[in-house]
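Enquirer: Structure provided below as structure tokens; questions to follow.
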Amino acid sequence: MFLIYCPHCGEYREEEEFQNRGQAHIARPLDPDSCTDEEWGNYMFFRKNPKGLHHELWVHAAGCRKFFNVTRNTATYEIKEVYKIGEQPKVVA
Amino acid sequence: MSDVKTEAVTVSVINQLPDASIQGQSPLFHADLATIAKSGPKTGGVTLKEEALLGHLTLRMNPENADQLKAAEKVLGVALPTQPLTSASKGDVVVRWISPDEWLITVPGLKAFEVETAFQKEMKGHFQVVNVSGGQTIVKLSGKYAQYVIKKSSPIDIHPSEFPVGKVVTSVFAKSSAIIRRSGENEFELVIRRSFSDYLWLWLQDASREYGLVIEA
Ligand SMILES: [Zn+2]
């Protein structure tokens, strides 16, 4: 069993109920029309792929269906913290 | 982007119940539970009963809006459970917390339209009530071994210290999903989707076979 804490349900639940939706804190450019191709390309396609601490977006897909953020070590799978959308991570590399 | 303005919204609510010329059929109609209840075993470790043809309403609203909370309580006769994973009930109304801004309300099938209409009349602002009665049904499992059937089917911890009476979770259930509520010490209520109801009916028969399954109509 690999348990993940859902900050909306307020309890640990089995990993099978969750989905990882990739890198967190990606802000959509406020004015896409004024972006260069490079800026837009970076926003659309380029993601970090660290070995170690990573801030990720997760969704409690089979539970409350809400999104939240996770700081996770990609090498050990250890979850360092879970925090709501709009909040900033406390654990940073 | 345009400014968001709050304007009066007119919502038309349609009574989804057919007239008496059309027979209402629950998602487990084809299983003919009434006949199995008559001819099947009368004692066993697990009892299964379908709470068929209830009115199911999903409510979305802001849990921090005191006026909306008050309106919901006025319509339902019971306050919305705002504590995660809890439920509230009064008489034949059951309200389940689904998500911080979502609840599943069940009422007798004939009352669904009335309750839905009352929400549109009493509640103001940004909210949504949708009648989803046709899309799901409720199966109640009770008896000493009901908990073992749940344990076989779902990863949730249903020990009474973690899962007291009244607690409700949405989780995976036998490769499908269910809204699971403990409605009694040895009684669990599963809200299941119509499209998965036959699969889950077969699964539940199989999973409870070793304890002896009793069907109640
Ligand atoms: Zn959750």
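The values are calculated or read from the model by the stated rules, or taken from the named source; none is laboratory data. Note that the structure is predicted; figures quoted are calculated from it, not measured. As a convention, Cβ positions derive from the backbone with ideal geometry for all residues, glycine included, and neighbour counts pool all protein chains shown. Please note that ligands, DNA and RNA were not included when accessible areas were found on the heavy atoms of the full protein model with its side chains. Shrake-Rupley method; radii C 1.70, N 1.55, O 1.52, S 1.80 Å.
Enquirer: Using only protein heavy atoms and a 1.4 angstrom probe, determine the accessible area buried between B and A, summed over both sides, in Å² to the nearest 100. Each step should come with its number before you reach the end.
Expert: Numbers: alone 12150 and 6650 Å², together 17690 Å².
Separately minus together, B and A give about 1100 Å² buried.
Enquirer: Within 10 Å of each Cβ in peptide A:61-74, how many partner chain Cβ atoms are there on average? Round it to a whole number, please.
Expert: Counting Cβ atoms of other protein chains within 10 Å of each residue's Cβ and averaging gives 3.
Enquirer: Suppose each label sits 7 Å from its Cα in the direction of the beta carbon; what would the A:GLU15-A:TRP40 distance come out to in nanometres?
Expert: 3.8
Enquirer: Shifting gears a bit: Using just the alpha carbons, could you tell me how many Å³ per residue the convex hull of segment B:87-175 encloses? Intermediate values should be presented prior to the final figure.
Expert: Values: hull volume 12.3 nm³, N = 89.
Given the Cα convex hull of segment B:87-175, per-residue volume reads 138 Å³.
Enquirer: With springs only between Cα atoms under 10 Å apart, run a GNM on chain B and tell me which of B:VAL149, B:VAL11, B:VAL46 wobbles the most.
Expert: B:VAL11
Enquirer: For the protein assembly as shown, what is the accessible area per residue in Å² when the probe is 1.4 Å?
Expert: Averaged over the residues of the protein assembly as shown, the accessible area is 57 Å².
Enquirer: Helix B:194-208: angle to the longest alpha-carbon principal axis of chain B, degrees 0 to 90, nearest 10?
Expert: 30
Enquirer: Once label points are set 7 Å from the Cα along Cα→Cβ at both B:LYS175 and B:ASN62, what is their separation, rounded to one decimal in nm?
Expert: 4.4
Enquirer: For chain B, what does -39500 (n - 2.57) per DSSP helix run (n ≥ 4), summed and divided by total residues, give at 222 nm, in deg cm²/dmol to the nearest 500? Don't jump to the answer; show the numbers that get you there.
Expert: Values: 5 runs with 52 residues, N = 217.
Helix contribution divided over all residues of chain B: -7000 deg cm²/dmol.
Enquirer: Can you give the charge dipole size of the protein assembly as shown about its Cα centre, rounded to the nearest 20 debye, using +1 on the beta carbon of Lys and Arg and -1 on the beta carbon of Asp and Glu?
Expert: That gives the protein assembly as shown a dipole magnitude of about 640 debye.
Enquirer: For a quick check, take a GNM of chain B with Cα springs below 10 Å and name the residue from B:LEU48, B:LEU17, B:LEU85 with the largest mean-square fluctuation.
Expert: Among B:LEU48, B:LEU17, B:LEU85, the largest mean-square fluctuation in the Gaussian network model of chain B belongs to B:LEU17.
Enquirer: How many Å³ per residue does the convex hull of the Cα positions in the protein assembly as shown occupy?
Expert: Convex hull of Cα atoms, per residue: 183 Å³.
Enquirer: If you don't mind, there's one more thing I want to ask. As I understand it, the value is the acute angle between the Cα axis of helix B:112-122 and the longest principal axis of the Cα atoms of chain B; what does it come to in degrees, rounded to 10?
Expert: Compared with the principal axis, the helix lies near 30 degrees.
Enquirer: Given B:ASN186, B:VAL168, B:PRO81, which one lies farthest toward the positive end of the charge dipole of segment B:26-215, if we put +1 on the Cβ of every Lys and Arg and -1 on the Cβ of every Asp and Glu?
Expert: Farthest towards the positive pole: B:ASN186.
Enquirer: Can you pull the accessible area of B:VAL130 for me, 1.4 Å probe, Å² to the nearest 10?
Expert: Its accessible surface works out to 50 Å², give or take rounding.
Enquirer: With labels modelled as points extended 7 Å from the Cα through the Cβ direction, what inter-label distance (nm, one decimal) is found for A:PHE2 paired with B:ASP19?
Expert: Placing both labels 7 Å beyond Cα along the Cβ direction yields 5.8 nm.
Enquirer: Taking the Cα atoms of segment B:165-210 alone, what are Rg (to one decimal) and Dmax (as a whole number) in Å?
Expert: Calculated on Cα positions, Rg and Dmax stand at 11.0, 29 Å.
Enquirer: Under a straight-distance cross-link criterion of Cα-Cα below 12 Å, which aspartates and glutamates are reachable from B:LYS90, leaving out those fewer than 8 residues away in the same chain?
Expert: B:GLU73
Enquirer: How many percent of the accessible area of segment B:132-186 is carbon or sulfur, using a 1.4 Å probe?
Expert: That fraction is 51 percent.
Enquirer: In whole Å, what are the extents of segment B:26-215 along the principal axes defined by its C-alpha atoms, from largest to smallest?
Expert: That works out to 51, 35, 28 Å along the principal axes.
Enquirer: If you don't mind, there's one more thing I want to ask. Where does chain A land on the Kirkwood hydrodynamic radius, alpha-carbon pairs, in angstrom?
Expert: One decimal place: 14.4 Å for the Kirkwood radius.
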